[in-house]
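Only one structure is covered here, and it is reproduced in the block below.
Only the coordinates and a few stated rules stand behind these numbers; no lab work does. Bear in mind the structure is a predicted one, so any value in this text is a computation, not a measurement. Glycine also receives a Cβ, built like all others from the backbone with ideal geometry; neighbour counts cover every protein chain displayed.
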Amino acid sequence: MIGRLVDGRYQVRSRIARGGMATVYLATDLRLERRVAIKIMHGHLADDNTFKTRFVQEARSAARLAHPNVVNVFDQGQDADMAYLVMEYLPGITLRDLLKDYRRLTPEQTVDILDAVLSGLAAAHKAGIVHRDLKPENVLLADDGRIKLGDFGLARAASANTATGQALLGTIAYLSPSSSRAASPTPAATSTRWASWRTRC
Ligand SMILES: Nc1ncnc2c1ncn2[C@@H]1O[C@H](COP(=O)(O)OP(=O)(O)O)[C@@H](O)[C@H]1O
Ligand SMILES: [Mg+2]
């Protein structure tokens, strides 16, 4: 993939991270002459319509949000059978990396990070979007101090019906009680949970 030109516009430079569903690369947007992060869905998932729909949904959910604590999505598309999503590039680490390095954060760090995450979540909830995969790997800590919530890959509209028997999505260790009981995800349930974290700091 390195060196490849996606959709005649995004030149892939290097790999940033590989996840279960997609790989994130650093790329250059040749049209606007700027660095971007491009998330490219794994080839073996390209034939799977559920994954494809989810990928497009991720772009649409995130694109509806313009907030300093949410990763900006610029573009989304398909090149041959390759689905991709273009977002602002945030050089830095994730909250998971920080926790691994320090094991325990200072109260100041904790409050700063939670404040940013809660602001991003509040903006999403205002727009009727429930993230559903909130975890340290999806909190990006940029070298310049910006803190942003990313990976809206499992996000869904709060108003969307949750059919009974529908697959449980998310990361087991971070699922909210309402999700694990297969109830509809609601912004209120999720934000209350985080708000209680906040008061405990
Ligand atoms: N905009 C970005 N800028 C820099 N790195 C990013 C960006 N988006 C994601 N990453 C990196 O890629 C990893 C995977 O991205 P993510 O969107 O969470 O994909 P996945 O669906 O595979 O979990 C993140 O944990 C982070 O390390
Ligand atoms: Mg992720």
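Going by C-beta contacts inside 10 Å, put Val111, Val70 in order with the fewest on the left. Display every interim value, and only then the final one.
Numbers: Val111 13, Val70 24.
Least to most surrounded, the residues fall as Val111, Val70.
Just rank Ile40, Ile172, Ile113, fewest to most, by other beta-carbon atoms within 10 angstrom. Mind dumping the intermediate values first?
Values: Ile40 23, Ile172 7, Ile113 18.
If I rank by nearby Cβ atoms, fewest first, I get Ile172, Ile113, Ile40.
Give the long-range amide H neighbours of Tyr89: residues separated by 5 or more places, or on another chain, with amide H under 5 Å away, using H modelled in the peptide plane at 1.01 Å from N.
Here the answer is Ala37, since their amide H atoms fall under 5 Å of that of Tyr89.
Give me the distance in nm between label points sitting 7 Å out from Cα along the Cα-to-Cβ direction at Arg34 and Ala127, one decimal.
Spacing of the two 7 Å Cα→Cβ label points: 1.6 nm.
Collect residues whose amide H, placed 1.01 Å from N in the peptide plane, falls under 5 Å from the amide H of Ala22; neighbours closer than 5 in sequence don't count.
It is His42, by chain and number.
With label points built 7 Å along Cα→Cβ from the Cα atoms of Ala80 and Ala173, find their separation and express it in nm.
Calculated label separation equals 3.7 nm.
Can you put Lys39, Lys126, Lys135 in order, fewest other beta carbons within 10 Å first? Working shown, then result.
Details: Lys39 25, Lys126 11, Lys135 16.
With the fewest neighbours first, Lys39, Lys126, Lys135 line up as Lys126, Lys135, Lys39.
Compute the label zone of Asp48 within region 1-21: residues whose backbone N is under 18 Å from the point 7 Å along Cα-to-Cβ.
Flagged as within label range: 18-21.
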